[in-house]
1. Using the scaling law 2.2 N^0.38 Å as the reference, what is the normalised Cα Rg of the chain?
2. Restricting to DSSP loop positions (anything but H, G, I, E, B) with no more than 13 other Cβ atoms inside 10 Å of their own Cβ, which trypsin sites (Lys or Arg not before Pro) remain in the range 151-239?
3. Using only Cα atoms, what Kirkwood radius does the range 133-227 have, in angstroms?
4. Which of the trypsin sites (Lys or Arg not before Pro) across the range 225-333 are loop residues per DSSP, with 14 or fewer other Cβ within 10 Å?
5. Find how much the distance from residue 25 to residue 197 grows on full extension, using 0.36 nm per residue of separation minus their present alpha carbon separation; answer in nm with one decimal.
6. Hey, can you find the accessible area per residue of the range 228-286 for me, probe 1.4 Å, expressed in square angstrom?
7. What GluC sites (Glu not before Pro) in the range 158-235 are in a loop by DSSP, with at most 14 other Cβ atoms within 10 Å of the Cβ?
8. If you take the beta carbon distance between residue 350 and residue 85 as r and set R0 to 51 Å, what does 1/(1 + (r/R0)^6) give as a FRET efficiency, to the nearest 0.05?
Amino acid sequence: MSVAQPVEVDREVVDFSLVGKWMDEQELPAGDFEGVTSLGGGTQNIMLRFDRGGRSYVLRRGPRHLRAKSNDVIRRESVLLRALDGTEVRAPRVIAACADESVIGAVFYLMEPIVGFNPQNELPELHAGDPEIRRQMGLSAVEAIARLGAIDYRAIGLSDYGKPEGFLERQVPRWLGELESYSANAGYPGPEIPGVTQVGEWLERNRPARWTPGILHGDCHLANIMFTYDGPEVAALVDWEMSTIGDPLLDLGWQLATRPVPGTTGSALVGRLGAAGGLPTPEEMIEHYGRFSDRDLSAVPWYTVLACFKLGIVLEGTHARAFAGKAPKQVGDFLHAVTLELFEKARELME
């Protein structure tokens, strides 16, 4: 079986002879693998696009060096995406999933390619030249997460996908514990982040007493959203590895916390779009969310502070690993600077 490929694919990462045998067992179109191309993304997970038997696919699996939960994450993603198929949520469509890690050494799934662009890496002339198009992109992203949060997760078979009970109560201790664990990285001096304790205490004091569980994407910043080439609409929400059943308003807080402001360090997370600006104001984003959701939006500032707190701690993990030589120092320093901006934004919102 030949593999015509513009990229070198290590057989230890993806052995296409084994993938082909498995695809044949799934009764998918047979033939040679053609046009194998590596797709970049916001994660370390591996994605390869290819054609076989007249059909196009994207294969997604965990990173070359699997982390403790990599296979579980990919299994969960495939379950969620299959459940979302047929709903109004724009997400990748799974063609087939292999939950057996022994087939190629890792769990993987095949999905249909998405026709669209990632605004972190690309901004077509239509979008780059029209600030109104970019404003509508931001609103389309808000609509996408509002529609996701409005789905009855039980009705589509996701009752066991997460543990919503106590979700908000778990957040502060869960992420403070994560931050504390970074000290295991050799050379890391500890988190030099002004206001960590202050923000955590404020979140605990002001936590909403009532909320309604729903599907949470968990990492829905604009670099994890693909957009159509011919307009501002979302083509698909991607990178679902932090998804769960929780409080969907945290997704709105996440988009507000990561809204790129040109000239800030954090805007670089969204690359071309972050530099161009022209996105909707926070007030417009909240109002637009309300058009597609009946949730109480009075506590949105709290969810935005929580998003700053959680994402800041997540990014600090790369900074800590850089001290131990597990990540590039330049990347670690950059993400630490973004963390400081996020906590500054959190303190401003608290005031």
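1. Working it through for the chain, the quotient is 1.00.
2. Taking the range 151-239 and a limit of 13 other Cβ atoms within 10 Å, the loop trypsin sites (Lys or Arg not before Pro) found are 154, 210.
3. 16.6 Å
4. Qualifying residues, ordered by number: 291, 326.
5. Details: separation 172, 0.36 × 172 = 61.92 nm, distance 5.41 nm.
My answer for the length gained is 56.5 nm.
6. Values: 1880 Å² over 59 residues.
Solvent-accessible surface per residue comes out at 32 Å².
7. 165, 192
8. It comes to 0.80.
The values are calculated or read from the model by the stated rules, or taken from the named source; none is laboratory data. Model, not experiment: these values are computed from the prediction. Every residue, glycine as well, gets a Cβ built from its backbone with ideal geometry; the counts of neighbours run over all protein chains shown. For accessibility, only protein heavy atoms count, side chains too; no ligands or nucleic acids. Shrake-Rupley method; radii C 1.70, N 1.55, O 1.52, S 1.80 Å.
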